[in-house]
């Protein structure tokens with residue numbers, strides 16, 4: 001039993017870091033197994049979610065820490081097929097795939113995670129004409145961070161139930177029209193979407209490798225140069241991953257350069273600041 | 001066994017939502033038990049973390065989803081007692097408690113979670129003089145979100161090992177000097193800190209209640225008014241919680257008004273945008 005567990009642990013770490021960067025001394029238990037096993041799911045069975053799934057993953061999300069207990073996020077669960085298609089089209093996710101978006105349309109539920117200062121803004125206007133703290137970048141960031149932290153607890157809960165998820169940051173591509181479509185109040189915006197459903201076992205996929213711990217983990221101060229050598233090692237694991245799941249040969253640094261240098265990567269997200277300001281966030 | 005489990009589940013949900021708002025149909029397993037059990041720990045034993053703890057929780061963090069696989073975060077683990085004190089002082093957390101900060105100084109490890117576009121900026125400058133995508137608010141937000149999502153996986157891993165944590169958003173109070181103290185490169189900033197350690201069993205604490213699911217969970221569109229009634233119900237659970245752990249009587253809406261209307265709540269975070277811009281993030 002112990003040996004079988006060790007084999008599984010080694011296999012998970014091997015896939016996550018590549019053969020040359022497996023971290024030592026990793027402690028292992030059932031919860032950690034679940035976390036290390038994560039992969040994004042992009043092909044779903046049409047099965048409905050079991051009763052209580054949404055309530056359960058939202059309870060998990062609400063159990064996460066949040067800044068000053070301000071309860072500054074909301075979720076919209078989209079189950080209506082027409083609305084799902086409309087959302088895929090509005091966020092320009094549809095166009096990428098021709099008709100519709102397979103993640104959103106196949107998955108029985110699409111969750112929209114909303115940084116939501118609208119409740120607290122209304123509560124605060126009883127005393128003032130403007131809730132001045134909410135005008136600052138930090139307040140916006142705080143609500144966005146709290147939403148992200150909560151959402152990851154929902155992911156862990158969903159995966160513990162045998163479900164798969166994929167985050168969709170593209171929900172910010174057209175933040176303006178998405179907000180109108182969903183009837184969002186001022187001082188709120190969709191941070192990201194998340195498809196939730198039963199993974200289709202025919203999907204060709206596996207755990208995606210990350211940079212080595214040497215590149216991202218520092219002790220007692222930031223070491224500015226150590227990551228440089230790690231990137232070369234990472235490229236090997238990255239290429240093996242792409243080959244294995246049938247993607248065309250491309251280096252990680254090429255994907256980084258595209259995402260940093262080419263505005264087409266943003267697909268409209270360059271307008272996010274303007275839209276947020278129209279929606280109440282002053283971002284001072 | 002089943003009955004014992006049900007009792008525990010009901011107790012966790014009762015504490016999380018208060019007697020009047022316990023959600024129905026919650027599915028339960030060991031992972032979900034761990035998530036529902038979360039509480040922030042603010043009193044630690046001085047015990048060192050077991051060997052491999054940091055590597056394990058970072059492996060969990062790296063296993064979380066991240067935007068376009070860009071690997072845009074780093075962690076600095078602070079174990080040096082003098083540096084911990086320096087950080088508490090610089091972030092103006094010390095002053096609040098007289099000498100030093102008990103969470104940071106008691107806990108054997110203090111993790112600083114860093115949104116880090118510095119690596120990808122350097123990789124991208126090979127092709128261009130400016131990585132234009134990184135100048136936008138969305139790129140900054142993406143790195144911050146990815147950091148938050150990753151950190152929550154670290155929390156789940158740490159708690160599965162019997163450890164406790166508390167997030168410290170106050171690391172942004174004095175973002176400018178904290179960056180200098182830690183030798184952070186441009187295009188990076190500390191999103192938040194996190195104390196990690198063995199909970200001191202003498203701490204008077206419990207699970208903190210949240211707004212009901214009715215207030216935060218919507219279906220197929222946002223319902224703008226439904227939360228209003230829920231706040232009244234929430235105040236009851238909130239007051240009971242404060243009484244139980246010995247805090248003075250104060251309503252949730254009072255805490256919300258203070259945090260939204262009173263700039264003293266920000267403790268310097270009103271300068272975050274200026275500091276971020278000085279550190280490379282243009283926030284267009």
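In table form, for the structure just shown:
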{"quantity": "Any hit, the stretch A:78-97, residues being within 7 Å of chain B (Cβ to nearest Cβ), buried (at least 19 other Cβ atoms within 10 Å of the Cβ) and in contact with a helix residue (DSSP H, G or I) (Cβ under 8 Å, 6 or more places away or on another chain)", "calculated": "yes"}
{"quantity": "The stretch A:89-105: number of residues that are modelled with pLDDT of 90 or more and more than 26 Å from residue B:213 (Cβ to Cβ)", "calculated": "2"}
{"quantity": "Failed condition for residue B:139, given (1) under 20 Å from residue A:141 (Cα atoms); (2) under 12 Å from the mean Cα position of the chain (by Cα); (3) surrounded by 23 or more Cβ atoms within 10 Å (Cβ to Cβ)", "calculated": "(2)"}
{"quantity": "The stretch B:137-162, subset facing chain A (nearest Cβ under 7 Å) and without any contact (Cβ under 8 Å) to a residue 40 or more places away in the chain, residue farthest from residue B:111 (Cα to Cα)", "calculated": "B:138"}
{"quantity": "Condition broken by residue B:148, with the remaining ones in (1) at pLDDT 95 or above; (2) over 25 Å from residue A:275 (Cβ atoms) satisfied", "calculated": "(2)"}
{"quantity": "Single unsatisfied condition, residue A:186 versus (1) in contact with a helix residue (DSSP H, G or I) (Cβ under 8 Å, 6 or more places away or on another chain); (2) more than 9 Å from every other protein chain (Cβ to nearest Cβ); (3) over 30 Å from residue B:259 (Cβ atoms); (4) in contact (Cβ under 8 Å) with a residue 60 or more places away in the chain", "calculated": "(3)"}
{"quantity": "Number of positions in the stretch B:223-250 that are within 10 Å of chain A (Cβ to nearest Cβ) and in contact with a helix residue (DSSP H, G or I) (Cβ under 9 Å, 6 or more places away or on another chain)", "calculated": "8"}
{"quantity": "Given (1) under 27 Å from residue B:215 (Cα atoms); (2) crowded, with 20+ Cβ neighbours inside 10 Å, number of the condition residue B:54 does not satisfy", "calculated": "(1)"}
{"quantity": "Test for residue A:164: is it closer than 20 Å to residue B:31 by Cβ, buried (at least 21 other Cβ atoms within 10 Å of the Cβ) and in contact with a strand residue (DSSP E or B) (Cβ under 8 Å, 6 or more places away or on another chain)", "calculated": "yes"}
{"quantity": "Residue among B:206, B:210, B:242, B:257 that is touching a residue at least 24 places away in the same chain (Cβ under 8 Å) and surrounded by 14 or more Cβ atoms within 10 Å (Cβ to Cβ)", "calculated": "B:210"}
{"quantity": "Residue check, residue A:128 under 30 Å from residue A:51 (Cβ atoms), more than 12 Å from the chain's Cα centre (by Cα), at the interface with another protein chain (Cβ under 9 Å from one of its Cβ atoms) and not in a helix (DSSP H, G or I)", "calculated": "no"}
{"quantity": "Qualifying residue in the stretch B:57-65 (condition: more than 7 Å from chain A (Cβ to nearest Cβ) and farther than 27 Å from residue B:117 by Cα)", "calculated": "no"}
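The values are calculated or read from the model by the stated rules, or taken from the named source; none is laboratory data. In this text the structure is predicted, and so the values were computed from the model without any measurement. Because the Cβ atoms are built from the backbone with ideal geometry, glycine has one as well, and the counts that use them run over all protein chains shown.
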